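*Asks:* Below you will find the structure I want to go over with you.
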Amino acid sequence: MEQRTKQDSTLFDLVSQFESLSEIGNLDHLNEKTIYQLVFHYERESMFEQALDIVEIALSRYEYRSEFYIIKARILLELGILDLCVKSLDHAQSIAPYETEVTLLRAKVLCQLGSCEDGLAILEPLKDVVSNDDLMKIFLTEAYIYDMMDDYTTVVEKLRIVLYNDPLQDEALSMLWNALDMFRAYDTSIQITEELLDLNPYNYMAWYILGQSFAANSEYEKAVAAMEYSFIINSGYETGYLECADLCMNMCRYAEALRIFKEYVHQFGTNSDILLLMAQCQAKLGDHTSAKLNLLKAVKREKSNDVIYFLLGECYSKDGSWYKAIATYHKAIDIDDTIEDYYLALAKAFVEVEDYNKATINFQIATDIDPCNNIIWSEYVTFLIKLGLYEESDRLLEEAFNCAFGGDMLYCHAITSFFLRNKEKGLRLLEEALLEDFGNHKLIFKLAPELEVERDIVAMIRYFKGEATFQEV
């Protein structure tokens with residue numbers, strides 16, 4: 001781990017040094033090893049323009065080195081500048097006529113130009129004369145071309161040849177997953193990756209693909225276990241940490257997700273996104289103090305993230321710090337005023353500080369943004385019921401049922417009917433609510449405890465409770 005950190009630090013220094021010197025045009029200090037390191041760094045980060053700048057420096061010094069022309073062609077291919085890519089390949093071939101890499105890149109260029117068959121044709125004669133390593137590169141290039149031709153069956157066939165020769169070939173593994181995911185062929189993916197892991201159990205990418213395949217098949221426990229192996233084997237595999245933690249969060253395994261995020265931070269440091277994810281886990285686990293600390297750190301790094309402010313407001317609400325909650329909810333809305341949950345949370349906070357006018361305004365905005373959300377309507381009506389505004393509540397529910405529906409809304413409608421002395425309607429609505437959502441029946445007495453003395457209501461609930469118990473038995 002220490003060695004990897006030192007290498008990363010050295011590379012960071014190189015990049016920083018290059019960027020500062022490039023501003024004044026003094027790049028004479030770059031040696032051949034430094035050039036290679038910088039090029040591969042920028043390629044890995046998909047910063048192809050910067051990589052091209054480095055290669056041009058190399059070619060100004062090493063005019064007859066074919067490998068730099070090949071690297072330049074590879075970068076130009078990524079940038080889609082095909083005419084210059086061909087010229088660079090021609091230069092490389094004039095210097096090294098039998099360089100296999102030149103033909104491989106030329107085949108890809110032909111494919112990009114719409115001549116995939118020609119690309120395949122120039123590869124075929126090489127198969128009888130190249131080494132085994134170069135033969136695998138040819139199969140990998142053929143997989144690239146067949147992928148462009150949407151022939152995914154052949155793509156998988158070619159990649160299996162490459163991977164059974166070298167199970168750790170990352171590019172082949174990545175292409176394999178893309179092809180199988182495109183086809184949603186997850187059973188095939190599981191079969192192939194398990195075969196590869198039999199060949200080499202320390203194949204971190206195969207474990208990751210296996211985990212993704214299990215997840216796609218809804219086998220979540222197996223998915224987490226497989227994905228965790230990906231970053232246990234390769235502690236530098238960021239995607240493994242993040243995808244595994246995300247899956248744990250989706251499974252409501254927040255403690256496990258938090259543990260993985262902490263391991264990620266230990267390896268790679270932190271950023272606002274990771275701090276937010278950690279805070280979400282901590283909030284779900286009831287540790288609002290730690291969640292707030294992480295969110296405040298995140299705000300310092302990124303002041304334009306509405307989700308951070310919203311979750312911070314939720315933490316303040318849990319603490320009963322309502323005015324702080326209101327302030328942070330407002331900041332979230334200032335950044336994005338299209339999210340109904342923000343207005344709903346703000347309305348509920350205003351209820352707590354007894355500013356009922358502002359609460360009403362924000363409840364109304366929330367329903368305007370998402371009129372089909374029964375939770376918002378229920379919260380709004382509950383607010384009105386607690387204030388004793390039964391006619392307003394009844395009117396609002398009649399409006400709400402035009403576009404939303406839920407058992408909680410039916411219970412609220414039943415309550416308003418009882419308070420408006422329309423017992424027959426109330427009992428009918430209560431029966432409908434119990435049929436729709438019996439598990440939520442305690443809501444009626446939570447909102448209106450005085451209704452516990454109504455014999456007809458109690459009798460109906462007892463009847464449905466007996467029916468539910470009978471069905472369970």
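The values are calculated or read from the model by the stated rules, or taken from the named source; none is laboratory data. All values reported here derive from a predicted model rather than from experimental measurement. When we count neighbours, we look across all protein chains shown, and the Cβ atoms used for this are built from the backbone with ideal geometry, even at glycine.
*Asks:* Output the residue which, of all residues in the stretch 442-461 that are farther than 16 Å from residue 379 by Cα and touching a residue at least 12 places away in the same chain (Cβ under 8 Å), is surrounded by the fewest Cβ atoms within 10 Å (Cβ to Cβ).
*Replies:* Out of the qualifying residues, it is 456.
*Asks:* Another question, if that's okay. Contact list please: Cβ distance under 7 Å, first residue in the stretch 143-154 and farther than 15 Å from residue 173 by Cα and basic (Lys, Arg), second residue at pLDDT 95 or above and surrounded by fewer than 20 Cβ atoms within 10 Å (Cβ to Cβ), pairs at least six apart or on different chains.
*Replies:* Close Cβ pairs (under 7 Å, with a partner that is at pLDDT 95 or above and surrounded by fewer than 20 Cβ atoms within 10 Å (Cβ to Cβ)) do not exist here.
*Asks:* While we're looking at this one, here's another question. Restricting to the stretch 252-286, count the residues that are outside any helix (DSSP H, G or I) and surrounded by 15 or more Cβ atoms within 10 Å (Cβ to Cβ).
*Replies:* Number of matching residues: 2.
*Asks:* For the structure I just gave you, tell me whether residue 84 is surrounded by fewer than 22 Cβ atoms within 10 Å (Cβ to Cβ) and in a helix (DSSP H, G or I).
*Replies:* When the stated conditions are applied, residue 84 passes them.
*Asks:* Give just the number: which of (1) assigned to a loop (DSSP other than H, G, I, E, B); (2) under 30 Å from residue 256 (Cβ atoms) does residue 294 not satisfy?
*Replies:* (1)
*Asks:* In this structure, is residue 451 modelled with pLDDT of 85 or more and either aliphatic (A, V, I, L, M) or assigned to a helix (DSSP H, G or I) (or both)?
*Replies:* Considered against the rule, which asks whether it is modelled with pLDDT of 85 or more and either aliphatic (A, V, I, L, M) or assigned to a helix (DSSP H, G or I) (or both), residue 451 comes out as no.
*Asks:* Considering the stretch 151-177 alone, what residues qualify as being surrounded by 21 or more Cβ atoms within 10 Å (Cβ to Cβ) and basic (Lys, Arg)?
*Replies:* 158
*Asks:* I need the full set of residues from the stretch 49-81 which are among the basic types (Lys, Arg) and buried (at least 19 other Cβ atoms within 10 Å of the Cβ), in order please.
*Replies:* 72, 74
*Asks:* Related question: Taking residue 276 and the conditions (1) in contact (Cβ under 8 Å) with a residue 60 or more places away in the chain; (2) closer than 28 Å to residue 352 by Cα; (3) not β-branched (Val, Ile, Thr), which numbered condition does it fall short on, given that it satisfies the others?
*Replies:* Of the numbered conditions (1) in contact (Cβ under 8 Å) with a residue 60 or more places away in the chain; (2) closer than 28 Å to residue 352 by Cα; (3) not β-branched (Val, Ile, Thr), the odd one out for residue 276 is (1).
*Asks:* Which one of 60, 16, 20 is under 30 Å from residue 263 (Cβ atoms), at pLDDT below 85 and small (Gly, Ala, Ser)?
*Replies:* The match here is 16.
*Asks:* Related question: If a residue has to be among the basic types (Lys, Arg), surrounded by 14 or more Cβ atoms within 10 Å (Cβ to Cβ) and farther than 21 Å from residue 80 by Cβ to count, how many in the stretch 92-150 make the cut?
*Replies:* Here the count works out to 1.
*Asks:* Let me confirm something: among 343, 316, which residue is surrounded by 20 or more Cβ atoms within 10 Å (Cβ to Cβ) and within 13 Å of residue 295 (Cβ to Cβ)?
*Replies:* 316
*Asks:* Here's another thing I want to ask about it. Regarding the stretch 287-298, can at least one residue be identified that is crowded, with 20+ Cβ neighbours inside 10 Å and charged (D, E, K, R)?
*Replies:* Within the stretch 287-298, one or more residues are crowded, with 20+ Cβ neighbours inside 10 Å and charged (D, E, K, R).
*Asks:* Here's something else I'd like to know. For the stretch 397-412, enumerate the residues that are free of Cβ contacts under 8 Å to residues at least 24 places away in the same chain and crowded, with 22+ Cβ neighbours inside 10 Å.
*Replies:* 397
*Asks:* Of the numbered conditions (1) free of Cβ contacts under 8 Å to residues at least 24 places away in the same chain; (2) of a type outside the set (A, V, I, L, M, F, W, C); (3) surrounded by 20 or more Cβ atoms within 10 Å (Cβ to Cβ); (4) closer than 29 Å to residue 339 by Cα, residue 367 fails exactly one; give the number of that condition.
*Replies:* (1)
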